[in-house]
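Below is one structure; the comments refer to it alone.
A short reminder: the numbers here are calculations on the coordinates, not readings from a lab. Small disclaimer: the values here were computed from a predicted structure and weren't measured. All Cβ positions, glycine included, derive from the backbone under ideal geometry; neighbour counts span all protein chains shown.
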Amino acid sequence: MGKMYVDVEEVSKDWGVSKPKAYKKIKELNERMLRGNPNLIVIAGKVNRKFYEENCYGQRQEG
């Protein structure tokens, strides 16, 4: 089983942006996720992997 959260290093690499911009994107994604369900737990500087992949790459297809 892979990591549950995506960190700033991975976001920075995936998007080709600086770490400050990656942190901003993570914050935006966490805020968006909380709007959908305010009872979720978020960790500053990390975003839920499933939410990240679904919202940044579209629905993942399992092979």
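For the range 23-35, putting each phi into the Karplus relation 6.51 cos²θ - 1.76 cosθ + 1.60 with θ = phi - 60° gives couplings of 4, 5, 5, 4, 4, 4, 5, 5, 5, 5, 5, 5, 4 Hz, in residue order, rounded to whole numbers and with x for Gly and Pro. With each label modelled as a point 7 angstrom along the Cα→C-beta vector, the Met4-Ser18 pair spans 3.3 nm.
Cut-off is 10 Å between beta-carbons; in what order do Arg32, Arg49 appear when sorted fewest neighbours first? Write down the numbers at each step before the final one.
Working: Arg32 12, Arg49 15.
Lowest to highest Cβ neighbour count: Arg32, Arg49.
Using only the Cα atoms of the chain, build the gyration tensor, take square roots of its eigenvalues as a ≥ b ≥ c, and label the shape rounded, prolate or oblate: rounded if a/c is under 1.5, else prolate if a/b is larger than b/c, else oblate. Here the chain falls in the oblate category.
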